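J.: This structure is in structure tokens; I'll ask about it shortly.
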Amino acid sequence: MLKQEYTITVYTENQIGLLNRIAIIFSRRKINIESLNTSPSEVDSVHRFTIVINETEDVVKKLCRQIEKQVEVLKAYYNTQEEIVWQELALYKVPTDVIAEEVKVERLLREHGAKAVVIRKDYTVFEVAGHREETDNLIKVLEPYGLIEFVRSARVAIIKNSDGFHEKLKEFEHREPGEDAIENEYLAKKDEVFSM
Amino acid sequence: MKAETETFEKIKTPQKSESSIPPLGGVGGAVAVMEALVAENVETIFGYPGGAIMPIYDALYDYNEKLKHILVRHEQGAIHAAQGYARVSGKCGVVFATSGPGATNLVTGLADAMIDSTPVVCITGQVFAHLLGTDAFQETDVINITTPVTKWNYQVTDATEIPVVLAKAFYIAKSGRPGPVVIDITKNAQLQKFDYKGYEKCEHIRSYRPKPIIRKKFIEEAAKLINGAERPFVIFGQGVILGKAEKEFKKFIEKAGIPAAWTILGMSAIPTDHPLGVGMLGMHGNYGPNVLTNECDVLIAVGMRFDDRVTGRLDKYAKQAKVIHLDIDPAEIDKNVKATVPVWGDCRETLPLLTELIEQKVYPQWLQRFRDYMQKEEDKVIKEELNPSGDTLTMGEVIRELNELTKADAIIVTDVGQHQMVACRYAQFNKTKSNITSGGLGTMGFALPAAIGAAYGDPSRPTVAIIGDGGFQMTLQELGTIMQFKPNVNIIILNNNFLGMVRQWQQLFHENRYSFVDITSPDFVQVAKGFGIPGKSISKREDIKPALKEMLDNNGSYLLEIMVGKENNVFPMVPQGRGVSEIVLSKEEL
Ligand SMILES: Cc1ncc(C[n+]2csc(CCOP(=O)(O)OP(=O)(O)O)c2C)c(N)n1
């Protein structure tokens, strides 16, 4: 099986220490986390982790099961690049005089969809939101013009084929879980599930 | 001591700016801890006090009648005792320890309980909340140290959280696949008075699913595979015992007529002399079950996790078989061995559903294959081990005599090494929850404290600890606990004057280069005597039976040292890196 980029989306309770619990699932297996973001989710009180790794599907699947095993984790999904809409935000600090003087720079920035966030006498900060290659490209472009600082955020991703977590959460809140609560790849129809 | 008194002064005269001032009135956090334990029907606690847990010990002073506390000699002893207690009683073990070194001393036991799925709740004291992160006296980051070795952990800094958090702790430790939980309570929270509203047991946590849903489709598919099988083989682990599914399991194999082998932790779930029981799996397991794993057509794994000591080389493991895997932990399915049919669920619930759908069958020829292999093992290994022709004593003959005397009724607690493998190979059991050993972690020093716990877990049966001369020296301080609290523990030291298991490997795989396996021992009988425990050391065959009898008849604990052959090896053996069917019966076959 081939390694490829997977984006793992984890819905969790908001609990101190959970970041560590999730992070060590990767480090214990010597798997590098390419990017990790935590944020609120569409559901009040539910947190959302977005984790990017390069692995085979078999490994990613096992990792997701280990993640879901954590008491405060509601659900973990993994998706390939094609199954998500994703963005990373990058900030670039460039000397203002260069931009003012070099017409070319202004054009380049516009071509890359950069927006000025702060303009000062001494420097200007631009932002670009996009895919990795896009934000990377602009670094190369700006380097000859004295790029002072660069930073890029972790990835945030939306799963194309997802209805969000509102409905799922209801199932979790039931004492007798519905089938979605313990979703797995063999998601069965209702009549295939024993209710004991 | 100075620093400790300083902290103590602070309690008495708390400074105004600190959040640790206990409000007046109400119930103290420490008392709420006691109330929680009583509500959870805890009877026995194993622990050791210290500065950061003093308010809890102070509260315990008034709960002396409801809660029995056993003062161990080392916190590792406390947690192993709690593990032994939990595994014999089927209840949750409870441990108290102080912050810093008290808590770090628990780590080995937590790792052991984690990998062997033992329900234990550890309550550790922690420095005052306002001191967290200041490198205060006896402050360690217990939550982060224990995260990889706990099913759940939580730090309480406010007393009002105590009832809810402890309820969660017990629920999580016991439900689903059990495991250890650490609750770290800062001293201010133990002292803090609050408006206590009573204790309510936890039955639901929205983000936590102890049991997966049972899927009819998979039960049906599993039944179909079983009904169509010609050479089906059942392998089972501790899941049967943890799920309290012994009856359901027995009914299942008896209707199916399928031979069944146990993992080291599944042992005793069915009586060892059950006609369908074909022995132990794994590196030093029996010959037939290992070889025939690679000949069965349907392999039915119940509550076991395909540990590498059971599977040997994975790419040579049961490749020909369709695998049905019954497990409560979805993360175990497909982890090591791909399941043809995954039967998610608590086996106490899934087994009866499966039993209903399968046909009543027998496989006389297939079962005979196991018997033939057993005969071969008997001739080449077992006979000489149990009834040796030479003068030196074997570990096996001791176990044989013990079986005869205890009538397979004892709880046997083993340490780690050759004696553990021999004991688990030859001990007989007719009751469940009787074979207590450190399976997944292989923790030397486990047996003595675990046996103390086991003796509290079921005082109605004799507890026999079987320990090597090396492992005994790892936790022998717990003889002090036996001296003080007088549980009835029969201690057998099988002394081969070596770190035997490591020596065996050095002999077989490192060209006889014995590197630091030659261990000298104190006079164990004298040591025991120093703790007021009677004992004896023997080295003659004719003394074995009378000495064992004396030990078992003795009212109270007893230590029996038996000098056995120095360089005996444990066989059969699946050498590391080989497949299960490459199991060998002797050195010559390697
Ligand atoms: C805490 C710990 N340290 C080291 C080991 C490695 N180890 C496994 S078996 C063994 C030898 C045990 O010797 P002994 O207790 O005398 O028992 P024997 O094998 O001789 O029966 C050792 C050192 C271990 N399992 N646990």
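The values are calculated or read from the model by the stated rules, or taken from the named source; none is laboratory data. Keep in mind that what you see is a predicted model, and the values were worked out from it rather than measured. FYI the Cβ positions are ideal-geometry reconstructions off the backbone, even for glycines, and counts take in every protein chain you see. These accessible areas exclude ligands, DNA and RNA; they are computed on the full protein's heavy atoms, side chains included. Shrake-Rupley method; radii C 1.70, N 1.55, O 1.52, S 1.80 Å.
J.: Hey, does the range A:95-107 have a residue that's part of a loop (DSSP other than H, G, I, E, B) and within 14 Å of another protein chain (Cβ to nearest Cβ)? Lay out the reasoning, then the answer.
T.: To start, the set of residues in the range A:95-107 that are part of a loop (DSSP other than H, G, I, E, B) comprises A:102.
Right, trim to within 14 Å of another protein chain (Cβ to nearest Cβ) and you get none.
Within the range A:95-107, not a single residue is part of a loop (DSSP other than H, G, I, E, B) and within 14 Å of another protein chain (Cβ to nearest Cβ).
J.: Restricting attention to the range B:426-445, and to residues there that are under 21 Å from B:Tyr287 (Cβ atoms) and part of a loop (DSSP other than H, G, I, E, B), which single residue is nearest to the ligand (Cβ to nearest atom)?
T.: Among residues in the range B:426-445 that are under 21 Å from B:Tyr287 (Cβ atoms) and part of a loop (DSSP other than H, G, I, E, B), the one nearest to the ligand (Cβ to nearest atom) is B:Gly439.
J.: Could you run through the range B:316-338 and say how many residues are without any contact (Cβ under 8 Å) to a residue 24 or more places away in the chain and either closer than 24 Å to B:Val278 by Cβ or more than 26 Å from the chain's Cα centre (by Cα) (or both)? Even if it seems obvious, please write down each step before you answer.
T.: Residues of the range B:316-338 that are without any contact (Cβ under 8 Å) to a residue 24 or more places away in the chain, as a first pass: B:331, B:333-334, B:338.
When the remaining residues are screened for being either closer than 24 Å to B:Val278 by Cβ or more than 26 Å from the chain's Cα centre (by Cα) (or both), the result is B:338.
Of the residues in that region, 1 qualify.
J.: Restricting to the range A:110-129, what's the tally of residues that are without any contact (Cβ under 8 Å) to a residue 24 or more places away in the chain and either part of a strand (DSSP E or B) or of a type outside the set (Asp, Glu) (or both)?
T.: Pass one, the range A:110-129, residues without any contact (Cβ under 8 Å) to a residue 24 or more places away in the chain: A:110-111, A:113, A:115-116, A:118-119.
Going one step further and asking which of them are either part of a strand (DSSP E or B) or of a type outside the set (Asp, Glu) (or both), we end up with A:110, A:113, A:115-116, A:118-119.
Residues in the range A:110-129 being without any contact (Cβ under 8 Å) to a residue 24 or more places away in the chain and either part of a strand (DSSP E or B) or of a type outside the set (Asp, Glu) (or both): 6 in total.
J.: Which members of the range B:43-72 meet the condition of being among the charged types (D, E, K, R) and either closer than 16 Å to B:Leu110 by Cα or over 20 Å from the mean Cα position of the chain (by Cα) (or both)?
T.: First pass over the range B:43-72, keeping only residues among the charged types (D, E, K, R): B:43, B:58, B:62, B:65-66, B:68.
Listed by number, the residues that qualify are B:Asp58, B:Asp62, B:Glu65, B:Lys66, B:Lys68.
J.: Let me ask another. B:Asn188 passes all but one of (1) open to solvent by 40 Å² or more (accessible area, probe 1.4 Å); (2) at negative phi; which number fails?
T.: (1)
J.: Can I ask one more? I need the full set of residues from the range B:394-425 which are more than 12 Å from the ligand (Cβ to nearest atom), part of a helix (DSSP H, G or I) and open to solvent by 20 Å² or more (accessible area, probe 1.4 Å), in order please.
T.: Matches in the range B:394-425: B:Arg400, B:Glu401, B:Glu404, B:Leu405, B:Arg425.
J.: In addition: Residue by residue through the range B:397-424, note down the ones that are among the hydrophobic types (A, V, I, L, M, F, W, C) and touching a strand residue (DSSP E or B) at 6+ places or on another chain (Cβ under 6 Å).
T.: B:Val398, B:Ala410, B:Ile411, B:Ile412, B:Val413, B:Ala423
J.: Applying the selection to the range A:6-19, what residues are open to solvent by 50 Å² or more (accessible area, probe 1.4 Å) and either touching a residue at least 60 places away in the same chain (Cβ under 8 Å) or at the interface with another protein chain (Cβ under 10 Å from one of its Cβ atoms) (or both)? Steps first, answer last, please.
T.: Going residue by residue through the range A:6-19, those that are open to solvent by 50 Å² or more (accessible area, probe 1.4 Å) are A:14, A:16, A:19.
Correct list: A:Ile16 only.
J.: Please find, among B:Lys174, B:Lys216, B:Lys151, B:Lys193, the residue that is out of contact with any strand residue (DSSP E or B) (no Cβ under 8 Å at 6 or more places or on another chain) and either surrounded by fewer than 20 Cβ atoms within 10 Å (Cβ to Cβ) or more than 18 Å from B:Leu326 (Cβ to Cβ) (or both). Outline the logic, then answer.
T.: Numbers: B:Lys216 fails: out of contact with any strand residue (DSSP E or B) (no Cβ under 8 Å at 6 or more places or on another chain); B:Lys151 fails: out of contact with any strand residue (DSSP E or B) (no Cβ under 8 Å at 6 or more places or on another chain); B:Lys193 fails: out of contact with any strand residue (DSSP E or B) (no Cβ under 8 Å at 6 or more places or on another chain).
Exactly one residue qualifies, and that residue is B:Lys174.
J.: For the range B:108-139, enumerate the residues that are open to solvent by 40 Å² or more (accessible area, probe 1.4 Å) and away from chain A (no Cβ under 14 Å). First the steps, then the outcome.
T.: Taking the range B:108-139 as the starting set, the residues that turn out to be open to solvent by 40 Å² or more (accessible area, probe 1.4 Å) are B:108, B:114-115, B:130, B:132-135, B:137-139.
Answer for the range B:108-139, where residues must be open to solvent by 40 Å² or more (accessible area, probe 1.4 Å) and away from chain A (no Cβ under 14 Å): B:Thr108, B:His130, B:Thr134, B:Asp135, B:Phe137, B:Gln138, B:Glu139.
Residues checked against (1) part of a loop (DSSP other than H, G, I, E, B); (2) open to solvent by less than 20 Å² (accessible area, probe 1.4 Å); (3) at pLDDT below 95:
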| position | (1), (2), (3) |
| --- | --- |
| B:Tyr199 | yes, no, no |
| B:Cys202 | yes, no, no |
| B:Glu220 | no, no, no |
| B:Ala223 | no, yes, no |
| B:Ala229 | yes, yes, no |
| B:Phe249 | no, yes, no |
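For (1) touching a strand residue (DSSP E or B) at 6+ places or on another chain (Cβ under 9 Å); (2) surrounded by 24 or more Cβ atoms within 10 Å (Cβ to Cβ); (3) modelled with pLDDT under 95, each residue gets a yes or a no:
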| site | (1), (2), (3) |
| --- | --- |
| B:Phe472 | yes, yes, no |
| B:Lys486 | no, no, no |
| B:Asn497 | yes, no, no |
| B:Val517 | yes, no, no |
| B:Phe524 | yes, no, no |
| B:Gly530 | no, no, no |
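J.: Given the conditions (1) more than 14 Å from chain B (Cβ to nearest Cβ); (2) in a strand (DSSP E or B), and given that A:Glu82 satisfies all but one, which numbered condition is not satisfied?
T.: (2)
J.: What is the one condition in (1) assigned to a loop (DSSP other than H, G, I, E, B); (2) open to solvent by 30 Å² or more (accessible area, probe 1.4 Å) that A:Val71 does not satisfy?
T.: (2)
J.: Could you run through the range A:137-169 and say how many residues are surrounded by 13 or more Cβ atoms within 10 Å (Cβ to Cβ) and of a type in the set (D, E, K, R)?
T.: 3
J.: While we're on this one: Among the residues of the range B:76-107, write down those that are within 16 Å of the ligand (Cβ to nearest atom) and either of a type in the set (A, V, I, L, M) or surrounded by fewer than 24 Cβ atoms within 10 Å (Cβ to Cβ) (or both).
T.: Of the residues in the range B:76-107, the ones within 16 Å of the ligand (Cβ to nearest atom) are B:76-77, B:79-80, B:83, B:104-107.
Of everything in the range B:76-107, those that are within 16 Å of the ligand (Cβ to nearest atom) and either of a type in the set (A, V, I, L, M) or surrounded by fewer than 24 Cβ atoms within 10 Å (Cβ to Cβ) (or both) turn out to be B:Ile79, B:Thr104, B:Asn105, B:Leu106, B:Val107.
J.: Say we look at the range B:451-470 and pick out the residues that are assigned to a helix (DSSP H, G or I) and within 12 Å of the ligand (Cβ to nearest atom); which of these is surrounded by the fewest Cβ atoms within 10 Å (Cβ to Cβ)?
T.: So the first thing to find is which residues in the range B:451-470 are assigned to a helix (DSSP H, G or I), and the list is B:451-457, B:469-470.
From what is left, the residues that are within 12 Å of the ligand (Cβ to nearest atom) are B:469-470.
Working: B:Asp469: 24, B:Gly470: 26.
Per the stated criteria, the residue is B:Asp469.
A quick yes/no check of all residues on (1) in contact with a Gly (Cβ under 7 Å, 6 or more places away or on another chain); (2) open to solvent by 20 Å² or more (accessible area, probe 1.4 Å); (3) within 13 Å of chain A (Cβ to nearest Cβ):
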position: B:Asn286; (1), (2), (3): yes, no, no
position: B:Ala321; (1), (2), (3): no, no, no
position: B:Pro330; (1), (2), (3): no, yes, yes
position: B:Thr350; (1), (2), (3): no, no, yes
position: B:Gln368; (1), (2), (3): no, yes, no
position: B:Asn387; (1), (2), (3): no, yes, no
